[in-house]
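Written out below as structure tokens is the structure these notes cover.
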Amino acid sequence: MTGITTLEPIGERYDEILTDEALDFVAGLHRRFDARRRELLAARASRQTALDAGADLRFLPATAEIRYGDWRVARAPVDLVDRRCEITGPTDRKMVVNALNSGARVFMADFEDSNSPTWHNMVDGQINLYDAIRRQIDFANDAGKVYTLTAEPATLMVRPRGWHLDERHVLVDGEPVSASLFDFGLYFFHNARVLLDEGSGPYFYLPKLESHLEARLWNDVFVRAQDQIGIETGSIRATVLIETIPAAFEMEEILYELRHHSAGLNAGRWDYIFSVIKKFRTHDNAILPDRGQIGMTVPFMRSYSELLIKTCHKRGAHAMGGMAAFIPSRRDEEINKNAFAKVTEDKTREAADGCDGTWVAHPDLVPLVTGIFDGVLGDSANQVTKQRPEVSVTASDLTRFDVEGGEITEGGVRQNVDVAIQYLASWLRGTGAAAIYNLMEDAATAEISRSQIWQWIHAGSRTTDGTMITPQYISKIADEETDRLRSELGHSVYDDAHFDEARAVFEEVALADNFPAFLTVPAYEILEN
């Protein structure tokens, strides 16, 4: 393994995943494609500089021929034809077993926003998926109850980390390997042939893309990877999360670049809201209200979701709805009643609009959401044939950020500070999907919280009671919220739970003069291994 260095100790069974051949495969992808990755990240920064200077986003004139051309993506493989309910979550062993057994059509195993990237989590996650594919996985809880896979588990899809992240524990020629290529490469190398032999395939979700050129890079990685191990081009299928606002302007081009490998697009709503704030953080017309007031029916979110459905079905691709993040309460049925009503309303709208399926975060939501889509789909597996010719979305529709009746409240500010600190503490402890106030918080929702604080401070925003949102005001709230947590948890538990480190990271990414692009980047520097 010339030029490849693993910096962390090899744990139990790590040698089954971190083989010389697998690491050579990952290193080969990194050496071939990392320079382009870095060029594309630089292009993101250049586009942000232009937006900060007052530029607008628009549909690309240079790719009009693609948008008006006659083409379709490849036909979906058999086990991705029906995706009416998908469950998502991290790759720990219990989650993998429970999600595959949940009754959902698809389980998206997540190495990204719901997975804290400790070395243990990333390699153990690969082991867990390796075992699940070979039906060698089980899990015993503290009471000794053993869980094993059902006869017909969900179809497995995997989300590698985004292009902007590195895996610091593995060096290629002295530099950290791309986290995207590390996650993708190990999973693909070990499992692609086994999956194909079982009648499935290597299926992926691709996060955080900002342009069709980034999709082209993924497509080139796919072609190279398939060629390297000798399987047919098109064996890989990938659904792209449209969770950045620049990508919303290039949906057709993204599908086109991946057309031989495409499994559709997904409306990644939480990251999309974060992206709107981040990209237009200096624009006076983009000051958004409390995060709880930014639902899928506000005009700019409605335009984005309807354009996604129209675009996908025009090209024969699946259009996937967004996440239902509610976590049912075991003690308060009133909370459950209200939340299930909101989930029902949200998923009923998605199904009626033409979505082919949607996401949930908890197994208890699978029957509810599946039933909603059953009622619309009937005997059909999807709604790809449902065209939306009446939908006409302009650039101004996507960038008109008015929220009728929207307010910035003291409660909204406090919620952002509280949730961001609690989530970051969980992330630093190695848990990237945290149930906080009956919602599954992940890196995307934490990004909304901290980016809103940054934006409100720099815009000179005030709460509804007239309080100016300043760094001092935010620090005061952080004092109050951490004091409350210390009192509720006790000093010893609080001190061991990384809340002080989490607050420091929060203040670094929310109170800085210049906007940090991702909170996970500085947090990764202090993450325990």
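No value in this document is a laboratory result; all are computed from the given coordinates. Small disclaimer: the values here were computed from a predicted structure and weren't measured. When we count neighbours, we look across all protein chains shown, and the Cβ atoms used for this are built from the backbone with ideal geometry, even at glycine.
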- Return the percentage of antiparallel bridges among DSSP beta bridges fully within the chain, rounded to the nearest 5 %. 35
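Can you tell me how the stretch 191-281 classifies by the Cα gyration tensor, rounded, prolate or oblate, using a/c under 1.5 as the rounded cut? Intermediate results must be reported in sequence, preceding the final value.
Details: a/c = 2.91, a/b = 2.16, b/c = 1.34.
The shape class here is prolate.
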- Axial C-alpha extent at least 24 Å, average Kyte-Doolittle at least 0.0 - helices from the chain (DSSP): 179-197, 410-428
- Query: Which pairs in the list LYS94/LYS337; LYS278/LYS310; LYS94/LYS208; LYS94/LYS476; LYS314/LYS347; LYS279/LYS314 are over 30 Å apart, alpha-carbon to alpha-carbon?
  - Reply: LYS94/LYS476
- Mean ellipticity per residue at 222 nm, deg cm²/dmol - from DSSP H runs of n ≥ 4 across the chain, formula -39500 (n - 2.57): -15000 deg cm²/dmol
- Note on the structure: Under the 7 Å Cα-to-Cβ spin-label approximation, ILE436 and ALA352 lie apart by a distance in nanometres of 3.3
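Given +1 on the Cβ of Lys and Arg, -1 on the Cβ of Asp and Glu, and no further charges, what dipole in debye does the chain carry about its Cα centre, rounded to the nearest 20? Could you put the intermediate results ahead of the total?
Values: 55 positive and 82 negative charges, 286 e Å.
Charge dipole of the chain: 1380 debye, to the nearest 20.
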- Task: Compare the peptides 321-331, 71-81 by average per-residue count of other Cβ atoms within 10 angstrom and give them in order, highest first.
- Result: 321-331, 71-81
- Task: Please check which bits of the stretch 114-130 a label hung off ILE10 would reach, taking the label as a point 7 Å along Cα-to-C-beta and the cut-off as backbone N under 19 Å.
- Result: 119-128, 130
- The answer for THR155, listing residues at least 5 apart or on another chain whose modeled amide H is closer than 5 Å to its amide H, is VAL106, PHE107
- All aspartates and glutamates inside 17 Å of LYS342 as judged from Cα atoms, apart from same-chain residues fewer than 8 positions distant: ASP332, GLU333, GLU334, GLU350, ASP353, ASP364
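Could you tally the net charge around VAL158, taking each other residue with its Cβ under 13 Å from the Cβ of VAL158, Lys/Arg +1 and Asp/Glu -1?
On the way: positive: ARG159, ARG161, ARG237; negative: GLU86, ASP110, GLU112, ASP183.
Cβ neighbours under 13 Å give a net charge of -1.
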